[in-house]
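J.: Can you read through this structure? Questions will come right after.
The values are calculated or read from the model by the stated rules, or taken from the named source; none is laboratory data. Everything quoted here is computed from the prediction, not taken from an experiment. Here the Cβ positions follow ideal geometry from the backbone for every residue, glycine too, while neighbour counts run over all protein chains shown. These accessible areas exclude ligands, DNA and RNA; they are computed on the full protein's heavy atoms, side chains included. Shrake-Rupley method; radii C 1.70, N 1.55, O 1.52, S 1.80 Å.
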Amino acid sequence: MSDIKAAITGVGGYVPSDILDNDELSRMVDTSDEWIMQRIGIKERRILKEKGKATSDMAVMALNELLEKTNTSPGEIDFLICASITGDMPFPSTANLICYKAGLVNAFSYDINAACSGFIYALETGRRFVESGAYKKVVVVGADMMSAITDYTDRTTCPLFGDGAGAVLLEPAKGDDFIIDSILQVDGSGYKHLHCKAGGSLKPCSHETVDEREHFVYQEGQAVFKVAVSKMADVSVEIMKRNHLKPEELTWLVPHQANMRIIEATARRMGIKPEQVMINIERYGNTTAATIPLCLWDYEKRLNKGDNLILTSFGAGFTWGTIYLKWAYNSI
Ligand code: UT7
């Protein structure tokens, strides 16, 4: 095993400027601010409305900010991995388009699809590339334009989602603060509770699939909720235990932002206080692969070198997991 460790050395983010709030949603479907706040905890979400723009454009905005903040030129990046379920096109990969648009002329790149766990899966992948010694500057992107696959006539799903992108830079760690441990899991039998019915090889696009509204997120909310609560908490408790991390030693839990009640239940099982939990669900909703890097982006100024962070997520697949890391820098 190599002695090289991987550290997050910068974070960038982007959300579109257009806001869809609960009042406007209440005029589109039979719902209310009160119901959405009580059952989910979302006040508003950002929507990418600009014609001709897509997931890669949000990712490029986040990436450009990251490069500027870390004083990195595009040509220095060796590898970029993009987690998304709303790529610009079925092929080529959105990661390729991001590299092209941002001038990453020396990087190779590809996408991974792990839905809401995409960023955690991609971070684990990027980390291992750095640890191998072969790559020195790796960008991990989580980006989703969920408005493209959200049915705004379905009140059970349309309040949930928003658009956004986040990106982090991974480099060989200089000191003792780096990505320490991870647990990643999958259960493909969960597909039936959360998926997109058409547009893949099982059911290619047709007039019928469009008429049946089968190109949008299909979710059986309660079934997903139950498994999400137990799986996110299970792996988060397990990673604390095996790293001998007491609740009071954890600086931040960085949970996927799908539902405030899932986040609170996870924090309770871990024995941590609400003030140890990063939350931005009320402003952005569920941006799928982007929730975790957007939390890091929002809270960056409050993070200090040596802070103990646990990242955790649950999503379609089912996919879930957790990563334990020590934050590697002070931002001011
Ligand atoms: O990020 C990927 C993983 N996804 C998740 O983690 C999401 C997990 N699931 C959830 O977060 C929740 O299940 C939802 C937020 C999707 C739904 O909340 P819930 O508390 O499970 O509601 P429910 O589906 O059990 O519905 C309760 C009631 C139903 O009415 P009846 O049958 O009791 O009369 C629904 O028709 O609430 C109704 N309802 C709504 N009412 C007002 C459903 N959606 C709405 C709505 N506004 N938007």
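J.: Go ahead and estimate [θ] at 222 nm for the chain from helices alone: -39,500 (n - 2.57) per DSSP H run with n ≥ 4, summed, over the residue count, rounded to 500.
T.: Mean residue ellipticity at 222 nm (helix-derived): -9000 deg cm²/dmol.
J.: Ok, one more. Please compute the per residue accessible area over the chain with all protein chains in place, 1.4 Å probe, rounded to a whole number of Å².
T.: On a per-residue basis, 44 Å².
J.: Okay, next question. So what's the net charge close to Asn259: Lys and Arg +1, Asp and Glu -1, counting the other residues with Cβ under 12 Å from its Cβ?
T.: Summing Lys and Arg as +1 and Asp and Glu as -1 gives +1.
J.: Hey, another quick one. For the chain, take the alpha-carbon Rg, divide it by the Kirkwood Rh, and send me Rg/Rh.
T.: When Rh is taken as the Kirkwood radius, the ratio is 0.95.
J.: Also: Sorted from largest down, what three extents in whole angstroms do the Cα atoms of segment 180-326 have along their principal axes?
T.: Computed over segment 180-326, the largest-to-smallest principal extents equal 55, 29, 25 Å.
J.: Multiplying the sequence separation of Glu212 and Glu275 by 0.36 nm and subtracting their Cα-Cα distance, what value in nm do you get?
T.: That pair, Glu212 and Glu275, stretches by 18.3 nm at full extension.
J.: By a straight-distance test (C-alpha under 19 Å), which lysines pair with Lys137 as possible cross-link partners, with residues fewer than eight away in the same chain excluded?
T.: Lys5, Lys69, Lys101, Lys174, Lys326
J.: In segment 198-238, what percent of the accessible surface is made up of carbon and sulfur (1.4 Å probe, ligands and nucleic acids excluded)?
T.: 54
J.: Once whole DSSP H runs in the chain are found, which of them have Cα atoms spread over 24 Å or more along the helix axis and a mean Kyte-Doolittle score of at least 0.0?
T.: Helices meeting the criterion: 221-242.
J.: How far, in nm, would the chain grow between Arg302 and Ser2 when pulled straight, counting 0.36 nm per residue and subtracting the alpha carbon separation?
T.: So the chain would gain 104.8 nm between Arg302 and Ser2.
J.: If I stretch the segment between Ser331 and Asp18 completely, what's the gain in nm (0.36 nm per residue apart, minus their alpha carbon distance), one decimal?
T.: Answer, rounded to one decimal: 109.9 nm.
J.: Please give the residues of segment 153-191, grouped as numeric ranges, whose backbone N is less than 15 Å from a label point set 7 Å along the Cα-to-Cβ vector of Lys101.
T.: 163-167
J.: Roughly how many nanometres apart are two label points built 7 Å out from the Cα toward the Cβ at Glu76 and Val186?
T.: Between Glu76 and Val186, the label points sit 3.4 nm apart.
J.: Next question, about the same structure. Under the Kirkwood approximation applied to all pairs of distinct alpha-carbon atoms, what is the hydrodynamic radius of segment 6-172 in Å?
T.: 16.5
J.: Can you list the residues of segment 85-103 with backbone N under 11 Å from a point 7 Å past the Cα of Cys205, pointing along Cα to Cβ?
T.: Backbone N within reach: 89-91.
J.: Can I ask one more? Please give, to one decimal in nm, the separation of the simple spin-label points placed at Glu34 and Lys53, each 7 Å out from Cα toward the Cβ.
T.: Between Glu34 and Lys53, the label points sit 3.6 nm apart.
J.: Moving on. What does the charge count near Ala148 come to, summing +1 for each Lys or Arg and -1 for each Asp or Glu among other residues with Cβ under 12 Å from its Cβ?
T.: Taking every Cβ under 12 Å from that of Ala148, the sum is -2.
J.: Order 195-202, 38-45, 217-224 from most to least packed using the mean count of other Cβ atoms within 10 Å.
T.: Output ranking for 195-202, 38-45, 217-224: 38-45, 217-224, 195-202.
J.: Just to be sure I understand: with springs between alpha-carbon atoms less than 10 Å apart, which residue in Val210, Val229, Val141 has the highest mean-square fluctuation in the Gaussian network model of the chain?
T.: Val210
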